[in-house]
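Accompanying notes for the structure given below.
The values are calculated or read from the model by the stated rules, or taken from the named source; none is laboratory data. From a predicted model like this one, the values you see are computed outputs, not experimental measurements. All Cβ positions, even for glycine, are placed from backbone atoms using ideal geometry, and neighbour counts span all protein chains on display.
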Amino acid sequence: MLLSTQKLIKYLKISDKKDISVIQFYINVALLSGNKSDSDALLKIFLSDPTEYSYSVFFDLFFKFGDKKYAEEIYSISVKDGILQENMPCEILELFGRFQFEPTKNLLIKYALNIDIETDHYLSLSAIQGLLYFDCTDYHDIIKEKIEACYDKNIFSEFVPTLVCKLRDKKPVLERLYETGCKYASTDCNAGIVLGFSLCGDEGKKYFLSLLFDKHWEMYSTGTGNTKFAYKGLLNLKISILELFRIITTFEDIEQLSYGVNLILSFIECKADDYTDELSESFLDIYTQLFLHNNTEINILKLARKVASSDRTYHVKKIIELKIMESFTKNNYLCAI
């Protein structure tokens, strides 16, 4: 177990007012350098007081190092009479799905699609994220029906369209969802459509790339959460930030270029906050490709000057430099133990 995790456990035991931001710092270190022993220790803490709000930040660690036993133990204290007990963290539902804990499959469907159970935005989202790990063939018709109920609406259950990836014939549904997003859906309510496109492979990729640089979809908006889910979409489709940069270098319209530059900067900020992604491009690659000093090359600093985004770009450049140092420090630490 990491020394930092030991310090976190001590902090949790002696602190009357637990600061969720402080806890998150420790969790991020465990995500970077920890192992199952760190997660197991924090599972015990969680099981002792599962409704403690600040413990919800443990779940990224549980997702990374946990197993079906985690699902069994958490299920035993959190679900009664077929419902999630009051004040339990919604992330529990996603965990059930991640570890394919079969007894909860019907429970997830109910919370995801608002069937015979009281749900809300966050419970529905977590249940849907859990269902992504299950075979949903038995629920095909009800999923299709619930998605179709979102067509041509301004506001709907935002993440239900994510489950388009579970349908047999996706093509007509993808087309209608794209039309709904372009013509009807509020930008407060389109993240589930975006995420759904990203989970449909090549069938969904063309829609995803089309909306990504369409300002009417507001994928740059951190307030609505759109940027976060568009970033998840990049990971799902294995689209690199470098690939997006090559696309925006072709933009001639200044307004479109400004949108593209700021969207890429937002994605880099998302990546900097993401301690769960270990497979995509490195910050060193991003730094060397986007911030080249060779005057003959197009780099993001030059593009930013054209659209009055230099200050933000230099700020993001500094974030990247810190993340590179963080990765070097981690690698040196792992080599030393």
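The sole residue among 250, 222 that is part of a loop (DSSP other than H, G, I, E, B) and not assigned by TED's automatic domain parsing to the domain that holds residue 299 is 222. Tell me whether region 59-78 contains one or more residues that are in contact with a strand residue (DSSP E or B) (Cβ under 7 Å, 6 or more places away or on another chain), part of a helix (DSSP H, G or I) and farther than 19 Å from residue 274 by Cα. Scanning region 59-78, I find at least one residue that is in contact with a strand residue (DSSP E or B) (Cβ under 7 Å, 6 or more places away or on another chain), part of a helix (DSSP H, G or I) and farther than 19 Å from residue 274 by Cα, so the answer is yes. Against the conditions (1) within 19 Å of residue 85 (Cα to Cα); (2) in a helix (DSSP H, G or I); (3) out of contact with any Phe, Trp or Tyr (no Cβ under 8 Å at 6 or more places or on another chain), residue 50 satisfies every one except (2). Cβ-Cβ distances below 9 Å connect the following pairs, each with a first residue in region 131-146 that is in a loop (DSSP other than H, G, I, E, B), a second residue that is among the acidic types (Asp, Glu) and exposed (fewer than 15 other Cβ atoms within 10 Å of the Cβ), and a separation of six or more residues or different chains: 134/102.
For every residue, the table says whether it meets (1) among the basic types (Lys, Arg); (2) touching a Cys at 6+ places or on another chain (Cβ under 9 Å); (3) closer than 30 Å to residue 31 by Cα.
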| residue | (1), (2), (3) |
| --- | --- |
| 177 | no, yes, no |
| 180 | no, yes, no |
| 187 | no, no, no |
| 192 | no, yes, yes |
| 214 | no, yes, no |
| 254 | no, no, no |
| 258 | no, no, no |
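For region 42-74, residues that are surrounded by fewer than 17 Cβ atoms within 10 Å (Cβ to Cβ) and in contact (Cβ under 8 Å) with a residue 12 or more places away in the chain total 9.
Within region 25-34, the set of residues being modelled with pLDDT under 95 and over 19 Å from the mean Cα position of the chain (by Cα) comprises 33, 34. Count of region 213-232 residues, restricted to those that are under 27 Å from residue 292 (Cβ atoms) and either within 18 Å of the chain's Cα centre (by Cα) or buried (at least 19 other Cβ atoms within 10 Å of the Cβ) (or both), is 5. Checking 183, 153, 171, 205 one by one, the residue that is touching a Leu at 6+ places or on another chain (Cβ under 9 Å) and either surrounded by fewer than 20 Cβ atoms within 10 Å (Cβ to Cβ) or of a type in the set (Lys, Arg) (or both) is 205 and no other. Any residue at all in region 300-309 that is assigned to a loop (DSSP other than H, G, I, E, B), within 30 Å of residue 204 (Cα to Cα) and free of Cβ contacts under 8 Å to residues at least 60 places away in the same chain? No, every residue in region 300-309 fails to be assigned to a loop (DSSP other than H, G, I, E, B), within 30 Å of residue 204 (Cα to Cα) and free of Cβ contacts under 8 Å to residues at least 60 places away in the same chain. The residue that is farthest from the chain's Cα centre (by Cα), among those in region 79-97 that are farther than 20 Å from residue 24 by Cα and surrounded by 22 or more Cβ atoms within 10 Å (Cβ to Cβ), is 84. One residue is enough: does region 181-191 have a residue meeting the conditions under 16 Å from residue 264 (Cβ atoms), outside any helix (DSSP H, G or I), modelled with pLDDT under 95 and not hydrophobic (A, V, I, L, M, F, W, C)? Taking every residue of region 181-191 in turn, none turns out to be under 16 Å from residue 264 (Cβ atoms), outside any helix (DSSP H, G or I), modelled with pLDDT under 95 and not hydrophobic (A, V, I, L, M, F, W, C). Given the structure, is residue 39 closer than 19 Å to residue 10 by Cα and buried (at least 20 other Cβ atoms within 10 Å of the Cβ)? Judged against the criteria, residue 39 is a match.
Taken over region 147-176, the residue count meeting the criterion of being within 21 Å of residue 226 (Cα to Cα), assigned to a loop (DSSP other than H, G, I, E, B) and of a type in the set (Asp, Glu) is 2.
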